[in-house]
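Only one structure is covered here, and it is reproduced in the block below.
Rule-based calculations on the coordinates, nothing more; no lab input. Keep in mind the model is a prediction, meaning the values are calculated, not measured. No Cβ is skipped: glycine too gets one built from the backbone with ideal geometry, and neighbour counts run over all protein chains shown.
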Amino acid sequence: MSTYAPLLEEIDVTFDITLADGSQEEVHGADAYQPEHSMTTFFSTGGRHRIDCWAVRMASFRSDQIVAIRRLAP
């Protein structure tokens, strides 16, 4: 029997990223992102309000190649 109880309700979020070359990427399951040096990294936080040591890195893109980021929620 699991004793895990999520801190917050987890939502299925998708980020749509437009890159400088015109291509589009989708990151499913990430609910936050932040710059990390020359990269922008997308994280799954497990419903917590912050990116911490338990957050899972889902994808990274070069920050200078990102034109737009859109958050798509159901």
Of the residues Ala59, Ala20, Ala32, which exhibits the maximal mean-square fluctuation in a Gaussian network model of the chain defined by a 10 Å Cα contact cut-off?
Ala20
Positive dipole terminus of the chain, leading residue within Ala59, Tyr33, Val13 (C-beta point charges)
Tyr33
Could you tally the net charge around Arg62, taking each other residue with its Cβ under 13 Å from the Cβ of Arg62, Lys/Arg +1 and Asp/Glu -1?
-4
